[in-house]
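> Take a look at this one; I'll ask things after.
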Amino acid sequence: KKIGTAQLKEAIFRVLVGKEKKSHVMTEKDRWVTAVHEVGHALTVRFMSSTEKVDRISIIPAGGAGGYTAHRPDEDSAYLTRSQLLENIDINLGGRAAEERILGDISTGATSDLQNVSNLARAMVVKYGMSDRVGNIVFGSASDDEIFVGKEYGHTRTYSDETAALIDSEVKRIVDEEYAKVLNLISEKSELLEKIAKELLEKERLEGEEFESLINS
């Protein structure tokens, strides 16, 4: 009979993430890996992003994911700066870094995160001219999104093998440098991460306000 903020929020998450599959059974080990992974994302948002805020963390399977961390910007912006793109890379690397530092192992759960990271780093180099070594050069047409979405672009390549190697080197450098930063953050916040992950394991879902409360408690 009533539609309020809570109902609208659930509707938005169902569209963005997919319907929650509460009947899906996960082993305790998988639930713990998922909790650590998602809290890794959340802490990276909280401590490394200048624009994003954690909206929800969940280990309830939804869509094709075993869990998710939703975040949103404080305000809309027409542009993304180099520092913001690097922060987005950091956020995507947070789950993998948490697995490595907390669990001492890594899983296939970071596959889509790593694809996002690769696409973002390569776009910075070949599309946005954000690499000091490569310079203010765009490879491909400005309207061509193939490079950004990670499709094969060799058939339209107009630069040398040496330049291609330089691009690959720059992409790897960006990802490696950002991953080192994220690993350092996760190491510093390891106790906090485990505390929040245990709470998430118990409740299965934490709203942004609950997450912030756990950080400040």
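The values are calculated or read from the model by the stated rules, or taken from the named source; none is laboratory data. Treat the numbers as computed from the prediction; the structure is a model and nothing was measured. Every residue, glycine as well, gets a Cβ built from its backbone with ideal geometry; the counts of neighbours run over all protein chains shown. What goes into the accessible areas is simple: the full protein's heavy atoms, side chains included, and nothing from ligands, DNA or RNA. Shrake-Rupley method; radii C 1.70, N 1.55, O 1.52, S 1.80 Å.
> Rounded if a/c is under 1.5, else prolate if a/b beats b/c, else oblate: with a ≥ b ≥ c from the C-alpha gyration tensor eigenvalues square-rooted, which is the stretch 53-114?
On the way: a/c = 2.32, a/b = 1.47, b/c = 1.58.
Judged from the Cα gyration tensor, the stretch 53-114 comes out oblate (a/c at least 1.5, b/c at or above a/b).
> Show that you can apply the helix-only estimate: for the chain, add -39,500 (n - 2.57) for every DSSP H stretch of four or more residues, divide by all residues, and state [θ] at 222 nm to the nearest 500.
Calculated mean residue ellipticity at 222 nm is -18500 deg cm²/dmol.
> Which listed residue (Ala62, Ala121, Phe211) has the Cα farthest towards the positive end of the charge dipole for the chain, taking +1 on Lys and Arg C-beta and -1 on Asp and Glu C-beta about the Cα centre?
So the residue furthest toward the plus end is Ala62.
> Within the accessible area of the chain, what % is carbon and sulfur when the probe is 1.4 Å and the other protein chains stay in place?
51 percent
> Between Arg173 and Asp132, what is the spin-label point distance in nm, taking each point 7 Å from the Cα along the Cα→C-beta axis?
Here the modelled spin labels are 0.8 nm apart.
> While we're here: Taking only the alpha-carbon positions of the chain and ignoring solvent, what does the Debye formula give for the base-10 log of I(q)/I(0) at q = 0.09 Å⁻¹?
Listed by q, the Debye log ratios stand at -0.41.
> Given a cut-off of under 8 Å on Cα pairs at least six residues apart, what relative contact order in percent is computed for the chain?
Once normalised by length, the contact order is 25 percent.
> For the pairs Lys29/Lys203; Lys29/Lys189; Lys9/Lys29, note any where the Cα-Cα span goes beyond 18 Å.
Beyond 18 Å: Lys29/Lys189; Lys9/Lys29.
> Now for a separate question. Run the dipole for the stretch 156-212 about the Cα centre, Lys and Arg Cβ at +1, Asp and Glu Cβ at -1, nothing else charged, and hand back the magnitude in debye, nearest 20.
Computed charge dipole of the stretch 156-212: roughly 160 debye.
> Would you grab the residues whose amide H sits under 5 Å from the one on Asp55? Only those 5+ places off in sequence or on another chain, please, with H modelled 1.01 Å from N.
The answer is Ala70, His71, Arg72.
> Now for a different question. Suppose each label sits 7 Å from its Cα in the direction of the beta carbon; what would the Ile215-Ile106 distance come out to in nanometres?
2.5 nm
> Using modelled amide H (1.01 Å from N, peptide plane; none on Pro or chain starts), what sits under 5 Å from the amide H of Ala62, excluding residues fewer than 5 places away?
Here Lys21, Gly67 satisfy the definition.
> What ranking do 115-121, 188-194 get when scored by the average of other Cβ atoms within 10 Å per residue, highest first?
Per-residue mean Cβ counts within 10 Å order the peptides as 115-121, 188-194.
> Is there a quick way to get the dipole size of the chain? I mean about its Cα centre, with the Cβ of Lys and Arg at +1 and of Asp and Glu at -1; what is the value in debye to the nearest 20? Display every interim value, and only then the final one.
Working: 29 positive and 38 negative charges, 144 e Å.
So the dipole magnitude of the chain works out to roughly 700 debye.
> Let me ask you something else. Return the sequence-ordered ³J(HN,Hα) values of the stretch 49-63 in whole Hz as given by the Karplus equation 6.51 cos²θ - 1.76 cosθ + 1.60 applied to θ = phi - 60°, using x for Gly and Pro.
Using θ = phi - 60°, the values come out as 9, 8, 10, 8, 10, 5, 9, 6, 10, 9, 10, 7, x, 8, x Hz.
> Follow-up. What aspartates and glutamates could a cross-link reach from Lys2, if we take a straight Cα to Cα line under 20 Å and drop same-chain neighbours fewer than 8 places away?
Leaving aside aspartates and glutamates fewer than 8 places away in the same chain, those within reach of Lys2 are Glu10.
> Which residue, chosen from Thr108, Thr27, Ile89, occupies the Cα position most advanced towards the positive end of the dipole of the chain, where the dipole is computed from +1 (Lys, Arg) and -1 (Asp, Glu) charges on Cβ about the Cα centre?
Thr27
> If the cut-off is 22 Å between C-alpha atoms, which lysines fall inside it for Lys127, apart from same-chain ones fewer than 8 positions away?
Result set, ordered by chain and number: Lys151, Lys172.
> Please give me, ordered by residue number, the trypsin sites (Lys or Arg not before Pro) of the stretch 31-121 that lie in loop per DSSP and have at most 11 other Cβ atoms within 10 Å. Walk me through the intermediate numbers first.
Details: sites: Arg31, Arg46, Lys53, Arg56, Arg82, Arg96, Arg101; in loops: none.
Counting only loop positions with at most 11 other Cβ atoms within 10 Å, none of the trypsin sites (Lys or Arg not before Pro) in the stretch 31-121 qualifies.
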